[in-house]
Amino acid sequence: MPDFIKKRWALILVLVIFIVCKIPHLSCAYYWDESWPYMPAIKELYKHGISLMPNAIDAEISRGHPLFFHAMAAAWIHIFGASHIAMHSFALFISVLFLIAIYEAGIRLFNERVAIMALILVATQVVFFVQSSFVLFEVLVAFLAFVSMYFYVKDKYLLTALCLTALFYTKESGLIMGFVLGVDSIAGLFSKSNDWKTRLYRLLSVSAPCILIMVYFIIQKQVRGWYIFPFYHDLIEYNWNPWFYNFKMNCLRNSFWDHLRYYYFDLLLLLSIIAAIKNKSYKYLVFLIPGIIIYCMIDDKRSRLLAGQLFLVLFFLSIILLLYVLSTLKVFANTRQKRFIVLSAVFIPCFFCFSCMNFFTYRYLLAAFIPLLFFTAVMYDKLIERSYPVLFYPVLALVLAISFFSFKTDEGHGDSDIGAFTGIAIQQDVVDYLEQNNLYDKTIGCDGFLELEHLLNPATGFLHSDKAFKKGSYNLDADYVVFDNLESDPKYLQIKNNPAFYVVHRYEKNGLWDEIYKRK
């Protein structure tokens, strides 16, 4: 067996298991954000011709974002069609490439142990597993951000420029990686550790994509009249209190606590204590400092112990201290290892800060969350290496156990929860019933935005033909009225207790349900 394959047995095994587990999800309908506005935007670009120009499709369905993701998906449709299986396979293809990139970065920058641990940590996360087949931006943004940083550290200048350009043209949040690498490349101009060609090429690999995205925004201003989509511009948060609340209760809590994730970091703290005892050095306990600060910040009561501004300063200082102590301990075998970890440690909080400034949802954190897991895998390995190397396999087994129970205990139905697929089945059931009973000429009342879009717009992927329920509306004074407990409706009890209506259909699965009422 070739040595190349021998070193990647774990990658092949994990990919096979991952893909097999995802097969049932490929044929399901689109999740809410997939069904609107992503799939309509992709199909619109496919219909009118693939383009990256800002005015290629209606801004209401593109949401004003750059169109690289939409263009890739439209090109995929040209080759494989627009079926549910085809489009979810497109998303899964990106996710598989991402897992390969994580493994390759681990084995090429560090060692096989880091590669295996990082791969397992990412592949077994509920949020990554769920998002991996959704036709949404976030996995691609995270993938391009990760490989941009990897190629930058490896001094692959052309690949860095290409990946950064694709990242910028996918979503505006990708500019945070450009900012971090840009600051590093500018600071590197004053460093004597590299020759002038290396310093210049690094700067060009970042500045060229920045110039290209600036051109895009200038064109957008000319043809649209704005740089940023007004809907998102109006949501920008300028006030400290809501911004800090997002930072501590959304960014930090989602990344370090939710889905039993705190156990991964408890394990990291335990390994640091073992390494401190084994090496008789208190320096290894430095991990406890950011751990304690984060623990205090992610709870409303504990976070009141100090002023929010002071907590934030202490958080950033704890990261700087951690990096400094790691440097004094000489845990990095070479400069590239150190640069990758330092850039990751800078990018993660910068991305958190950006995420708090606008509309927030958990999946947006993937771009920062996955480098955090990679950082954790590296630290596991370094601490195990400095204490008892035999601990690697018990730690790997504990990681798998934590991940298993995170799936078992996840009872949510959002786009980062395993219950999302139950939610899709519930909303698909409504459409199936109406189609099977040929109710196209009936008035249908639906107070939920997405459920109504599924009835009116074939591009959302819930209808089995181009025939839509044109008499669907928000008016509940209709022949049929639709409810579910995914989009709560204050008028539900009003219709349920109205003697003029009776239930003709109810479907329930894993705590979710839909009901269809018919007028007598």
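Name the residues in the range 423-442 that are among the β-branched types (Val, Ile, Thr) and either touching a helix residue (DSSP H, G or I) at 6+ places or on another chain (Cβ under 7 Å) or surrounded by fewer than 18 Cβ atoms within 10 Å (Cβ to Cβ) (or both), would you? Within the range 423-442, Val430, Val431 meet the criteria.
Number of residues in the range 477-520 that are part of a loop (DSSP other than H, G, I, E, B), at pLDDT 90 or above and within 15 Å of Leu455 (Cβ to Cβ): the value is 2.
Among the residues of the range 314-337, those identified as open to solvent by 20 Å² or more (accessible area, probe 1.4 Å), part of a helix (DSSP H, G or I) and under 22 Å from Leu269 (Cβ atoms) are Leu314, Phe316, Leu317, Ile319, Ile320, Leu321, Leu323, Tyr324, Ser327, Thr328. The helices (runs of 4 or more DSSP H) found wholly in the range 1-102 and carrying at least 1 residues that are among the aromatic types (Phe, Trp, Tyr) and surrounded by fewer than 20 Cβ atoms within 10 Å (Cβ to Cβ) occupy 3-6, 9-26, 39-48, 68-80. I need the full set of residues from the range 8-45 which are of a type in the set (Lys, Arg) and either touching a helix residue (DSSP H, G or I) at 6+ places or on another chain (Cβ under 6 Å) or modelled with pLDDT of 95 or more (or both), in order please. If the condition is that a residue be of a type in the set (Lys, Arg) and either touching a helix residue (DSSP H, G or I) at 6+ places or on another chain (Cβ under 6 Å) or modelled with pLDDT of 95 or more (or both), then Lys22, Lys43 are the ones that fit.
For the range 124-149, what are the residues that are more than 13 Å from the chain's Cα centre (by Cα) and surrounded by fewer than 24 Cβ atoms within 10 Å (Cβ to Cβ)? Answer for the range 124-149, where residues must be more than 13 Å from the chain's Cα centre (by Cα) and surrounded by fewer than 24 Cβ atoms within 10 Å (Cβ to Cβ): just Thr124. Among the residues of the range 432-454, those identified as hydrophobic (A, V, I, L, M, F, W, C) and at pLDDT 95 or above are Leu434, Leu439, Ile444.
Rundown of residues vs (1) part of a helix (DSSP H, G or I); (2) out of contact with any helix residue (DSSP H, G or I) (no Cβ under 6 Å at 6 or more places or on another chain); (3) farther than 16 Å from Lys382 by Cα, yes/no style:
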position	(1), (2), (3)
Pro242	yes, yes, yes
Tyr245	yes, yes, yes
Arg253	yes, yes, yes
Leu269	yes, no, no
Ile274	yes, yes, no
Lys283	yes, no, no
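For the range 123-151, a residue qualifies if it is without any contact (Cβ under 8 Å) to a residue 60 or more places away in the chain and over 18 Å from Ala71 (Cα atoms), and the qualifying residues are Val147, Ser148, Phe151. Could you go through the range 410-421 and let me know if any residue there is within 30 Å of Ile273 (Cβ to Cβ) and not in a strand (DSSP E or B). Yes, some residue in the range 410-421 is within 30 Å of Ile273 (Cβ to Cβ) and not in a strand (DSSP E or B). Report yes if Phe462 is touching an Asp or Glu at 6+ places or on another chain (Cβ under 8 Å) and of a type in the set (A, V, I, L, M, F, W, C), otherwise no. So Phe462 does not fit the description; no.
Considering the conditions (1) open to solvent by less than 40 Å² (accessible area, probe 1.4 Å); (2) modelled with pLDDT of 95 or more; (3) under 27 Å from the mean Cα position of the chain (by Cα); (4) farther than 30 Å from Ala276 by Cα, Phe407 is excluded by exactly one of them, (1). Of the residues making up the range 446-470, those that are under 15 Å from Arg519 (Cα atoms) and surrounded by fewer than 23 Cβ atoms within 10 Å (Cβ to Cβ) number 0.
Of all residue pairs spaced 6 or more apart or on separate chains, those with beta-carbon atoms under 7 Å, a first member in the range 92-120 that is closer than 16 Å to Val141 by Cα and a second member that is polar (S, T, N, Q) are Leu92/Ser132; Leu92/Ser133; Ser95/Ser132.
This table checks each residue for (1) over 30 Å from Asn334 (Cβ atoms); (2) open to solvent by less than 10 Å² (accessible area, probe 1.4 Å).
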residue: Thr361; (1), (2): yes, no
residue: Ala367; (1), (2): no, yes
residue: Met379; (1), (2): no, yes
residue: Pro389; (1), (2): no, no
residue: Pro394; (1), (2): no, no
residue: Gly414; (1), (2): yes, no
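The values are calculated or read from the model by the stated rules, or taken from the named source; none is laboratory data. For clarity, every value in this text was computed on a predicted model and none was experimentally measured. All Cβ positions, even for glycine, are placed from backbone atoms using ideal geometry, and neighbour counts span all protein chains on display. Accessible surface is based on the protein model in full, side chains and every heavy atom, while ligands, DNA and RNA are left aside. Shrake-Rupley method; radii C 1.70, N 1.55, O 1.52, S 1.80 Å.
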